[in-house]
Amino acid sequence: MKTESTPEPALDPKLEAMVQAKQLTESDARSFLLQREAHTVLENEEEPLRWLATEYGLDFTTLDDIEPDPELLSLFPARVLLREELLPLNAHGNEIRIAVSRLFASPGLDSLRTLTGRELRPVLSPRDALLREIKRHLGVGADTIHSLEEEDAFQVVEDDHHGEADLDKAAEDASIIRFVNQLLADAISLRATDVHIEPFNDELIIRYRIDGILQAVPVPGQIKRFQPAIVSRVKILSSLNIAEKRVPQDGRIKIRVSGGEVDVRVSIIPMVHGEAVVMRLLRQDAGLMGLAELGMADRERTLFESVLAQPHGIMLVTGPTGSGKTTTLYSALNEINDSIRKIITIEDPVEYQLKGINQIQVSEQAGLTFGRGLRSVLRHDPDVILIGEIRDKETAQIAVQASLTGHLVFSTLHTNDAPGALTRMVDMGIEPYLVASSLEAVLAQRLVRVLCPECKQVDESPRADLLRETHPILRDATLYKSNGCRTCRQTGFSGRQAVFEMMPMTPPLRRLLLDGVSSGEIREAARKEGMTSLLEDGWRQVSNGLTTPDEILRVSKNEDPGS
């Protein structure tokens, strides 16, 4: 009697994915499983690749300690290396060692053998590490730039009136389209907030702003040749005038990536060596933080919540551009967003789309300014109003009027600290008694980079000991320093955290404002009433092991000279 064979058990999903990607065969995957401890969760592809290397007598590398030979790299077409995910490492005699993550995807290795006529020895490497190093050494979009160079018929014209039609055609070339798409996708994947394309005499530099710091992006050296076409492609995407190269232009692009939407604000300015481009990336689907996630100390959070409970008044959040003011205000709105309040925002730009909240986009070209929009908003019977920024006397006057007529108003202001917001409002032309009677609180903030949890190290330097001696909050704390690893792209940091300075408007502070004293005197009085400075709140984050003393001093060293 013939018995049915027992079906093979299903593979771990990660192993199944590796089989599908031709990183190992199914029989190898099952052999690997037999030698592992039962029921152990497979964390990543490194473990099976190490095992595979041993089985086939190959080398394995994480690529952390290997620097590929630049001359060797130049022997191979970039598009082949990128398409086949191969990275030449070094040569020994007639043999070239090639990093691969897919041992059984042989066409790529075969094509390189044909090109060089030399023996190739595969070295197994995790795919994420391999792709990271390929991009680092070949540059973003190297495959597209290489293919453009091989097209003799393709030529990027100079910025003259006679070449506009050719330049338009060049910007629509499939390779240029692909390059700009790759650039944006790469920036989004790295959590960049801005992309800078900067023309110089003999090169085109591309930089991303990540965690508030600009970082250079590796790009092929020959990209300078295609500068006009790249800028023109950005103009086409943002509906700008491709023929106008003498004056600044502003536009926007809406893109969808990985199921989410990103709003790209484009600014183009003519420079000496061509047009420079800055693209600001606003993620429309970014998850909103609650107040608990902002990282405020207990005092600041309690004061903030007390302002949210007020029926009317003004709450200002201050700080430079990029200090997280909008995120904080959106968190506040999210906290009070319910069915019994009508909330209207007027912003430039609308950075996040909030469900259940009416949002207005300022449009200077259409005549919809903050002032005009605010006057209309007041006729829509709102309970809470968010003004993106108080920029002038008109906006400030309407904000004060709205608060005095029973509305809770949130807005931002560009001042260095919380006390400076009071004198700024007066300097704008608002009477001190109106500021004193309408303002409920001011919150100043900065963003500091958070230490990478994978590589941060204990700081045992004499300077760390000195800081512990001079700052009581650090006395028993373990201080850390940044190091750098592949997870954080060698920066030592990953993500950002706000530090805060909350100043509620108490009766003594209102009296000082009416007396016309300076912001320094207001600050001194606020400190006596318990206000924690930006620097002091920064030391709290250092004592929590989140960041470094240097990060705190970078963003707040001029804010509290007395500390």
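Does any residue of the stretch 344-353 turn out to be within 26 Å of residue 556 (Cβ to Cβ) and part of a strand (DSSP E or B)? Give the derivation first.
At the first step, the residues of the stretch 344-353 found to be within 26 Å of residue 556 (Cβ to Cβ) are 351.
Still in the running and part of a strand (DSSP E or B): none.
No, that holds for no residue.
For (1) among the basic types (Lys, Arg); (2) touching a strand residue (DSSP E or B) at 6+ places or on another chain (Cβ under 9 Å), each residue gets a yes or a no:
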{"residue": "178", "(1), (2)": "yes, no"}
{"residue": "185", "(1), (2)": "no, yes"}
{"residue": "189", "(1), (2)": "no, yes"}
{"residue": "194", "(1), (2)": "no, yes"}
{"residue": "203", "(1), (2)": "no, no"}
{"residue": "211", "(1), (2)": "no, yes"}
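Against the criterion of being hydroxyl-bearing (Ser, Thr, Tyr), modelled with pLDDT of 95 or more, out of contact with any Leu (no Cβ under 7 Å at 6 or more places or on another chain) and more than 15 Å from residue 500 (Cα to Cα), residue 339 does not qualify. Please verify whether residue 231 is in contact with an Asp or Glu (Cβ under 7 Å, 6 or more places away or on another chain), open to solvent by less than 40 Å² (accessible area, probe 1.4 Å) and part of a helix (DSSP H, G or I), treating the condition exactly as stated. So residue 231 fits the description; yes.
For first residues located in the stretch 118-129 and more than 15 Å from residue 93 (Cα to Cα), partners that are part of a strand (DSSP E or B) and among the aromatic types (Phe, Trp, Tyr) and lie 6+ apart or on another chain with Cβ distances below 6 Å form the pairs 124/60.
Checked against the criterion of being open to solvent by less than 10 Å² (accessible area, probe 1.4 Å) and in a helix (DSSP H, G or I), the stretch 439-452 contains not a single residue that satisfies it.
Could you list, in sequence order, the residues of the stretch 320-354 that are small (Gly, Ala, Ser) and more than 24 Å from the chain's Cα centre (by Cα)? Outline the logic, then answer.
Residues of the stretch 320-354 that are small (Gly, Ala, Ser), as a first pass: 322-324, 331-332, 339.
If the condition is that a residue be small (Gly, Ala, Ser) and more than 24 Å from the chain's Cα centre (by Cα), then 339 is the only one that fits.
Taken as a whole, the structure leaves residue 527 outside the set of residues that are in contact (Cβ under 8 Å) with a residue 40 or more places away in the chain, assigned to a helix (DSSP H, G or I) and within 27 Å of residue 329 (Cα to Cα).
Looking at 14, 2, 22, can you tell me which residue is basic (Lys, Arg), open to solvent by 100 Å² or more (accessible area, probe 1.4 Å) and modelled with pLDDT of 80 or more?
Values: 14 fails: open to solvent by 100 Å² or more (accessible area, probe 1.4 Å); 2 fails: modelled with pLDDT of 80 or more.
Exactly one of 14, 2, 22 is basic (Lys, Arg), open to solvent by 100 Å² or more (accessible area, probe 1.4 Å) and modelled with pLDDT of 80 or more, namely 22.
Considering 388, 406, the condition of being out of contact with any helix residue (DSSP H, G or I) (no Cβ under 6 Å at 6 or more places or on another chain), over 19 Å from residue 326 (Cα atoms) and touching a residue at least 40 places away in the same chain (Cβ under 8 Å) is satisfied by 406 alone. So which residues in the stretch 364-381 are surrounded by 14 or more Cβ atoms within 10 Å (Cβ to Cβ) and assigned to a loop (DSSP other than H, G, I, E, B)? If the condition is that a residue be surrounded by 14 or more Cβ atoms within 10 Å (Cβ to Cβ) and assigned to a loop (DSSP other than H, G, I, E, B), then 369 is the only one that fits.
Report, by residue number, each residue of the stretch 530-549 that is part of a helix (DSSP H, G or I) and either aromatic (Phe, Trp, Tyr) or surrounded by fewer than 17 Cβ atoms within 10 Å (Cβ to Cβ) (or both). Write out each step before concluding.
We begin by selecting, within the stretch 530-549, every residue part of a helix (DSSP H, G or I); these are 534-543, 549.
539, the sole residue that qualifies.
Within the stretch 172-187, the set of residues being in contact (Cβ under 8 Å) with a residue 60 or more places away in the chain and either of a type in the set (Gly, Ala, Ser) or buried (at least 19 other Cβ atoms within 10 Å of the Cβ) (or both) comprises 184, 185, 187. Just the residues that are part of a loop (DSSP other than H, G, I, E, B) and open to solvent by less than 40 Å² (accessible area, probe 1.4 Å), please, taken from the stretch 407-421. The answer is 407, 415, 417, 418.
Here residue 109 passes the criteria (1) modelled with pLDDT under 75; (2) open to solvent by less than 20 Å² (accessible area, probe 1.4 Å) except the one numbered (1). Of all residues in the stretch 9-24, those that are over 13 Å from residue 127 (Cβ atoms) have Cβ atoms under 8 Å from Cβ atoms of residues that are assigned to a loop (DSSP other than H, G, I, E, B) and open to solvent by 60 Å² or more (accessible area, probe 1.4 Å), 6 or more apart or on another chain, in 16/10. Based on this model, can you work out whether residue 468 counts as closer than 18 Å to residue 445 by Cα, without any contact (Cβ under 8 Å) to a residue 12 or more places away in the chain, assigned to a helix (DSSP H, G or I) and open to solvent by less than 80 Å² (accessible area, probe 1.4 Å)? Here the answer is no, as residue 468 does not meet what is asked.
Can residue 499 be described as aliphatic (A, V, I, L, M), open to solvent by less than 40 Å² (accessible area, probe 1.4 Å), outside any loop (DSSP other than H, G, I, E, B) and under 30 Å from residue 132 (Cβ atoms)? Explain how you work it out, then say what you get.
Details: aliphatic (A, V, I, L, M): yes; open to solvent by less than 40 Å² (accessible area, probe 1.4 Å): yes; outside any loop (DSSP other than H, G, I, E, B): yes; under 30 Å from residue 132 (Cβ atoms): no.
Against the criterion (aliphatic (A, V, I, L, M), open to solvent by less than 40 Å² (accessible area, probe 1.4 Å), outside any loop (DSSP other than H, G, I, E, B) and under 30 Å from residue 132 (Cβ atoms)), residue 499 does not qualify.
The set of residues in the stretch 514-523 that are assigned to a helix (DSSP H, G or I) and buried (at least 16 other Cβ atoms within 10 Å of the Cβ) comprises 519, 522, 523. Test residue 424 against the stated conditions and say whether it is touching a helix residue (DSSP H, G or I) at 6+ places or on another chain (Cβ under 6 Å), open to solvent by 40 Å² or more (accessible area, probe 1.4 Å) and under 25 Å from residue 212 (Cβ atoms). Spelling it out, it is not the case that residue 424 is touching a helix residue (DSSP H, G or I) at 6+ places or on another chain (Cβ under 6 Å), open to solvent by 40 Å² or more (accessible area, probe 1.4 Å) and under 25 Å from residue 212 (Cβ atoms). Evaluating residue 340 against the criteria (1) in a loop (DSSP other than H, G, I, E, B); (2) buried (at least 21 other Cβ atoms within 10 Å of the Cβ) leaves one unmet condition, (2).
Filter the stretch 218-271 down to residues that are in contact with a Gly (Cβ under 6 Å, 6 or more places away or on another chain) and under 28 Å from residue 135 (Cβ atoms) and give me whichever is modelled with the highest pLDDT. Spell out the reasoning first.
Narrowing the stretch 218-271 to residues in contact with a Gly (Cβ under 6 Å, 6 or more places away or on another chain): 218-220, 227, 238-240, 266.
From the residues that got through so far, the ones that are under 28 Å from residue 135 (Cβ atoms) too are 218-220, 227, 238, 266.
Details: 218: 84, 219: 83, 220: 79, 227: 91, 238: 91, 266: 95.
So, considering only residues that are in contact with a Gly (Cβ under 6 Å, 6 or more places away or on another chain) and under 28 Å from residue 135 (Cβ atoms), the one modelled with the highest pLDDT is 266.
Filtering the stretch 279-308 to residues that are part of a strand (DSSP E or B) and either open to solvent by less than 50 Å² (accessible area, probe 1.4 Å) or of a type in the set (Gly, Ala, Ser) (or both) leaves 279, 281, 282. Considering the stretch 27-114, the qualifying helices (runs of 4 or more DSSP H), each wholly inside and each with 2 or more residues that are of a type in the set (Lys, Arg) and within 33 Å of the chain's Cα centre (by Cα), run over 78-84. Hey, does the stretch 131-141 have a residue that's within 23 Å of residue 219 (Cβ to Cβ), in a loop (DSSP other than H, G, I, E, B), of a type in the set (Gly, Ala, Ser) and modelled with pLDDT under 80? Yes.
The values are calculated or read from the model by the stated rules, or taken from the named source; none is laboratory data. Note that this is a predicted model, so its numbers are computed, not measured. No Cβ is skipped: glycine too gets one built from the backbone with ideal geometry, and neighbour counts run over all protein chains shown. SASA here: full protein model, heavy atoms, side chains in, ligands and nucleic acids out. Shrake-Rupley method; radii C 1.70, N 1.55, O 1.52, S 1.80 Å.
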